[in-house]
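Rule-based calculations on the coordinates, nothing more; no lab input. This one's a predicted model, so the numbers in the text were calculated from it and none came from an experiment. Don't worry about glycine lacking a Cβ; one is built from the backbone with ideal geometry, like all the others, and counts go over all protein chains shown.
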Amino acid sequence: MKISSILLTTILLLATNLAMALEEPEYEVISATDVYEIRRYEPFIVAEVDVGGDADSAGNRAFRILASYIFGDNREQAKMSMTAPVTSVDSESVGYTYAFVMESKYTLETLPAPNDPRIRITRTEPRTMAAHRYSGRWTERNYQRHVEKLRATLAAEGVETRGGPMLARYNSPFTPWFMRRNEILFEIVD
């Protein structure tokens with residue numbers, strides 16, 4: 001076996017194992033189709049930040065701001081573990097809102113306070129979401145294609161949604177594009 005094949009295999013295994021090791025919010029799958037799952041999420045805490053600009057630069061800036069917070073730029077100088085997913089929502093008033101899910105061991109009272117005033121700590125409410133999973137690159141074209149697929153399927157099946165789509169990314173940028181887990185989520189009107 002060539003050294004390049006061994007190296008590629010090692011990288012793929014590490015990328016896969018790293019993604020599987022990250023904590024995610026708890027949810028129950030209520031139902032599933034070929035296109036989406038209906039999930040009931042329990043409350044969880046997020047650190048979020050609003051950023052403007054184009055999608056690529058906004059994502060890079062938001063990630064740096066939030067990563068600094070969990071890697072120790074907080075009042076307690078505590079280092080926290082990375083979790084998944086990193087979510088983003090288009091917001092007409094501010095550009096984009098990006099969020100990191102916080103580890104479940106924290107409460108609003110025990111979570112380290114951010115030093116950066118742009119970071120908000122919020123607790124999500126229980127909610128029901130339609131989730132469409134796909135792999136591939138993080139391009140606007142790929143994102144829009146999957147948003148439209150989920151939106152059209154939900155509309156055809158009479159599933160009423162609230163708000164716009166949320167993009168959830170579960171892997172690092174170093175994960176090969178064909179192994180990435182991405183999801184489009186819409187909140188469902190109960």
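Taking 0.36 nm per residue of sequence separation and subtracting the Cα-Cα distance, how much length would be gained by fully extending the chain between Arg75 and Thr124, in nm to one decimal? Could you put the intermediate results ahead of the total?
On the way: separation 49, 0.36 × 49 = 17.64 nm, distance 2.29 nm.
Net length gain for the segment: 15.4 nm.
Taking 0.36 nm per residue of separation and subtracting the current Cα-Cα distance, fully stretching the chain between Thr33 and Val189 would add 54.4 nm. Between Ala131, Ala84, Ala58, the Gaussian network model of the chain with springs among Cα atoms under 10 angstrom shows the greatest mean-square fluctuation at Ala58. Using alpha carbon centroids, what distance separates the stretch 82-149 and the stretch 55-70, in Å? First find each Cα centre; the distance between them is then 12 Å. Of the residues Val189, Pro114, Gln77, the one whose Cα sits farthest towards the positive end of the charge dipole of the chain is Gln77 (charges of +1 on Lys and Arg Cβ, -1 on Asp and Glu Cβ, taken about the Cα centre). For the chain, relative contact order (Cα pairs under 8 Å, six or more residues apart, normalised by length) works out to 25 percent. Net charge dipole, the chain: roughly 700 debye, given to the nearest 20, about the Cα centre with Cβ charges of +1 for Lys and Arg and -1 for Asp and Glu.
Computed over the Cα atoms of the stretch 47-122, pair by distinct pair, the Kirkwood hydrodynamic radius stands at 12.6 angstrom. The Cα-based radius of gyration of the chain, divided by its Kirkwood radius, gives an Rg/Rh of 0.98. Measuring r between the beta carbons of Ala113 and Gln144 and using R0 = 30 Å, the FRET efficiency lands at 0.20.
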